[in-house]
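Novice: Structure provided below as structure tokens; questions to follow.
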Amino acid sequence: MFLTLTLLRKGIPGKQWIGKYRRPRAITWQMKRNTLKHLEREAENEYWISRPYMTMEEEHGHAAERRAQSWLNIKQAKFANFPEHKLIADHLNHLRITKTW
């Protein structure tokens, strides 16, 4: 198809970079270099992911104390904003000004 279009000097129908009959993109040395770098980075990531830092026994429950402490900190921060207790007598004290008995 592309050979026929080239030989007959006809262009790519519609937009040349999208669609079913699009113009093939030339592969440059920068594209090859970037792909190689990407594949090397991916291989290094796979290497490090395949070797765990801790064993399964060490990993089990290793952050429980830290999580409990952070939960206590969050709880204390919420209670710090909580208003103090007030008695109903404090709310209704203004009604006692005309008390005569």
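Novice: Cβ-Cβ below 8 Å, separation at least six or inter-chain, first residue in segment 61-76 and among the small types (Gly, Ala, Ser), second surrounded by 10 or more Cβ atoms within 10 Å (Cβ to Cβ) and modelled with pLDDT under 90: which pairs?
Specialist: none
Novice: Quick one: how many residues across segment 24-47 are of a type in the set (Phe, Trp, Tyr) and either surrounded by 10 or more Cβ atoms within 10 Å (Cβ to Cβ) or under 30 Å from residue 3 (Cβ atoms) (or both)?
Specialist: Summing the residues that are of a type in the set (Phe, Trp, Tyr) and either surrounded by 10 or more Cβ atoms within 10 Å (Cβ to Cβ) or under 30 Å from residue 3 (Cβ atoms) (or both) in segment 24-47 gives 1.
The values are calculated or read from the model by the stated rules, or taken from the named source; none is laboratory data. On a predicted model such as this, the values are computed, not experimentally measured, just so you know. Here Cβ is always computed from backbone atoms with ideal geometry, including for glycine, and neighbour counts include all displayed protein chains.
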